[in-house]
Amino acid sequence: VVSQKRVREFLRIYNEEHRIVTLLTSHYMQDIQELCHRVLVIDHGKIFFDGPLAQIIDRFSGHKILSLTFEKEATRDLSAFGEVTEQTPVSVQLKVPRAKVTETC
């Protein structure tokens with residue numbers, strides 16, 4: 001993970017300093033989100049999507065997964081906030097419509 005962050009940082013800085021085009025092939029969304037403005041999705045050798053990252057997220061992902069961890073056992077029913085997809089006594093995972101989630105970063 002540390003080396004992956006270093007590679008991303010190197011690519012970001014090198015791109016800024018030299019104004020180059022970088023072709024990144026990845027299935028890892030963290031890399032794509034941090035390094036790419038434009039995304040091409042190729043399926044069976046044909047371009048399926050070509051456009052901004054935000055557009056593909058809006059087009060194909062109508063929800064977000066929120067993972068909550070509590071200090072002590074959660075007794076409240078959280079299903080009013082979204083679909084409960086996983087739950088333990090001290091954690092819950094909710095599937096929430098993207099439009100109802102506020103971006104914080």
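The numbers here are math on the coordinates, done by the rules we state, and not lab data. Quick caveat, the model's predicted, so the values are computed rather than measured. Methodologically, a virtual Cβ is constructed for each residue, glycine included, from the backbone with ideal geometry; neighbour enumeration extends over all protein chains shown.
Taking amide hydrogens as placed 1.01 Å from N in the peptide plane, the amide H of Val39 sits under 5 Å from those of Gly51, Leu53, each at least 5 positions away in sequence or on another chain. Distances between placed amide hydrogens fall under 5 Å for Lys64 paired with Val96, Arg98, all partners being 5 or more residues away or on another chain.
The chymotrypsin sites (Phe, Trp or Tyr not before Pro) of the range 28-74 meeting both criteria, a DSSP state outside H, G, I, E and B (loop) and at most 13 other C-beta atoms within 10 angstrom of the site's C-beta, are Tyr28, Phe70.
The angle between the Cα long axis of helix 2-18 and the longest principal axis of the Cα atoms of the chain comes to about 40 degrees, rounded to the nearest 10. With 0.36 nm allotted per residue and the present C-alpha distance subtracted, the Ile13-Ser67 stretch has 16.2 nm of extension available.
Using only alpha carbons, the chain has a radius of gyration to Kirkwood radius ratio (Rg to Rh) of 1.08. Taken about its Cα centre, the chain carries a charge dipole of roughly 140 debye when the Cβ of each Lys and Arg holds +1 and the Cβ of each Asp and Glu holds -1. For the chain, leaving out every one of the trypsin sites (Lys or Arg not before Pro) that falls in a DSSP loop and has at most 11 other Cβ atoms within 10 Å, the longest unbroken run is 20-71. Be a star and scan the range 76-105 for residues whose amide nitrogen sits under 20 Å from the point 7 Å along the Cα-to-Cβ vector of Val1. Counting only backbone N, you get 91-93, 105. With the helix formula -39500 (n - 2.57) applied to DSSP H stretches of n ≥ 4, the chain reaches a computed 222 nm mean residue ellipticity of -9000 deg cm²/dmol. Percent of C-alpha pairs per 5 Å bin in the range 2-60, short distances first: 4, 16, 25, 25, 15, 11, 3.
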